[in-house]
Amino acid sequence: MIKRLLIANRGEIAVRIIRTCRELGIETVAVYSTADRDALHTRLADIAVCIGPPKSAQSYLSVGAIITTAVRTGCEAVHPGVGFLSENSNFAREVQKAGLIWIGPDPETIDLLGDKVTARETALKYGLPVTPGSPGPIATKDEAIPVARACGYPVIIKAASGGGGKGMRIVWKDEELEENLKIASREAEANFADGTVYIEKYLQNPRHVELQVIADGKGGVAILGERDCSVQKNHQKLIEESPSPGVTPEMRKRMSEGARNLFSSLKYRGAGTIEFLAVGNEFFFMEVNARIQVEHPVSEFVTGTDLIREQILVCCGEHWTIDPDNITLTGWSIEARINALSPGKVTRLEVPGGPGVRFDSFLYNGATVSPHYDSMVGKLIVHDSDRHRALERLLRALDELKIEGVPVNIVTQKKILSNAVFRSGQFGTGIYAQLEASL
Ligand code: ADP
């Protein structure tokens, strides 16, 4: 087993990775920006190295500084976490060129799946249904009109390299196509340095359902159930749960078969997620995220697995400790993302506890929430025997969670979790917009 690993990330995910590494007996090297001198990941790692100023482009996205640090500190592997460089195939290549293990799939696999246009083609090849849409990129209004008409309005223009809900525009008629193509492409160029966009049918109020996958790089694939991430604000996830209240055993079976086929054929290695939009019993492939995801803990709870551990094991060529043919889902798990509404310093923190409660966060009393990074400061995750009980538990835990000095979204989360539509389980990605006025 490897002895030392560098974490090319910050925040709660860096802390999460350090925890598993410690249990595995792997020493960790944290990298940090000058804004994160006192951050929890900096404090918890065995070694911490400053790699630049607060701006991510000069620190957490600095490929050269990160790889140099990994080599100098004698690391054998690099874990990219989520966001930042986690799906950057160039970074993965540089890591491997430096003789280090990349905790993720091969750079070629990242390339194949990272572009949504090629990912759709790949999914189709392995028998997964995709939303009706353009077979390839769309550049002009004249290309767009026949595609949009064939799909039927509304359609959605999406960035091929998109992520985090950016570079998406919904279009309702021919006349709106030209301008929205330009806007989406400009936004895509600005955010992902790739202005390529394509068109899909815009499904109304679908469920966002995704499968957690771990694969051994040799064709072995474990599917660890699904997550429902339909509660989204501006296409960004707020609440996630496993299992999904809208997925039947028959759907789960069909989705899993398609996913298994795809990941196995690609000889995928590590953790990954395959995302679908579901309408009734139908589902459509959306994308693959070739990394661990923020919402992985709900799958850990229902499957009794440490996904970071399994991810590191398979990527380091060790045996995983799960039996891919014997994954059982127990009970119900729900996660509420805790987001800071503005930056600041935590003056008081009380963390909930008790059975089936987990709080993954980088906060501590006196911690700083910097304006330079993502607003998510933690995730409160619960597990219980069924959905109703898990909901009650999450509400109870949210009551116990006290954060002062930095305003957070606890009240909003409680309102959503208490809402009758959310509680009925019968909702889609439109739920946040429907509730917004009452939040
Ligand atoms: P990102 O990579 O930016 O997260 P995704 O492709 O995963 O983008 O889509 C994010 C969210 O946007 C989905 O969960 C869904 O709510 C919405 N969305 C994307 N494509 C469609 C579509 N064709 N119809 C309806 N909603 C969509």
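Quick look at the numbers
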| read-out | value |
| --- | --- |
| Neighbourhood net charge (12 Å Cβ-Cβ; Lys/Arg +1, Asp/Glu -1) for residue 179 | +1 |
| Global size of the chain as Cα Rg and Dmax, reported in angstrom | 21.1, 60 |
| Alpha carbon convex hull of segment 223-296, projected area averaged over orientations, nm² | 4.9 nm² |
| Residue order, fewest to most surrounding Cβ atoms within 10 angstrom, among 76, 436 | 436, 76 |
| Top of 348, 309, 120 by mean-square fluctuation, Gaussian network on the chain, Cα under 10 Å | 348 |
| Of 125/253; 201/267; 166/201; 116/166, those spanning more than 21 Å from alpha-carbon to alpha-carbon | 201/267 |
| Cα-based reach from residue 55 at 13 Å (exclusive), listing aspartates and glutamates while leaving out same-chain residues under 8 positions away | 36, 374 |
| Debye log10 I(q)/I(0) at q = 0.10, 0.11, 0.15, 0.16 Å⁻¹ for segment 261-373, Cα point scatterers | -0.46, -0.55, -0.94, -1.02 |
| Of 32, 107, 160, farthest towards positive along the dipole that unit charges on Lys, Arg, Asp, Glu beta carbons give the chain | 32 |
| Set of lysines with alpha-carbon distance to residue 415 below 26 Å, sequence-local pairs under 8 removed | 233, 237, 345, 379, 402 |
| Total charge dipole magnitude, segment 95-158, about the Cα centre, Cβ charges on Lys, Arg, Asp, Glu only, Debye to nearest 20 | 200 debye |
| Sorted by Cβ density within 10 Å, fewest first, the residues 174, 216 | 174, 216 |
| Cα centroid separation - segment 27-89 against segment 334-376, whole Å | 21 Å |
| Reach of residue 97 by Cα under 20 Å, taken over aspartates and glutamates that are not fewer than 8 positions away in the same chain | 76, 87, 106, 108, 111 |
| Pairs of Cα atoms farther than 19 Å apart, segment 63-208, % | 58 percent |
| Residues in segment 156-188 reached by a label modelled at residue 145 [backbone nitrogen below 14 Å; 7 Å Cα→Cβ] | 173-179 |
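Values in this text are rule-based calculations from the coordinates and carry no lab data. All figures in this text were calculated on a predicted structure; none of them were measured in a lab. Cβ sites come from the backbone with ideal geometry, for glycine too, and all protein chains shown count toward neighbours.
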